[in-house]
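To keep things clear, I will list the structure first and then write my remarks on it.
The values are calculated or read from the model by the stated rules, or taken from the named source; none is laboratory data. Note that the structure is predicted; figures quoted are calculated from it, not measured. Cβ placement follows ideal geometry from the backbone for every residue including glycine, while neighbour counts extend to all protein chains displayed. These accessible areas exclude ligands, DNA and RNA; they are computed on the full protein's heavy atoms, side chains included. Shrake-Rupley method; radii C 1.70, N 1.55, O 1.52, S 1.80 Å.
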Amino acid sequence: YMCTNRNRDINERYEVSGLSQWAFADQEGISVATLNYHLNRARARAVAGFTHLEVVPLPDKILITTKGGTTIEIPI
């Protein structure tokens with residue numbers, strides 16, 4: 001078991017390494033399955049951070065409202 005900070009470090013190092021998963025895992029001394037586990041957990045956390053938006057198309061603009069009440073107007 002690795003701590004969360006180490007998991008983030010592994011994910012960040014992998015992303016910037018330019019190496020294949022096999023090469024990176026070998027360099028880190030972990031299995032490819034372990035690397036994939038940590039990469040998938042990071043992706044799941046990122047997806048969980050999405051919020052629902054209300055999008056209203058109007059003739060001259062698009063209104064996007066966040067759950068928190070912030071409204072963005074995009075002229076078209």
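Quick look at the values:
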{"item": "Cross-chain or 6+ apart pairs with Cβ under 9 Å, the range 11-36 first and outside any helix (DSSP H, G or I), then of a type outside the set (A, V, I, L, M, F, W, C) and open to solvent by less than 80 Å² (accessible area, probe 1.4 Å)", "result": "30/38"}
{"item": "Neighbours by Cβ (under 7 Å, 6+ apart or cross-chain): first from the range 50-66, of a type in the set (S, T, N, Q); second at pLDDT below 90 and surrounded by 10 or more Cβ atoms within 10 Å (Cβ to Cβ)", "result": "51/66; 65/53; 65/54; 65/71; 66/53"}
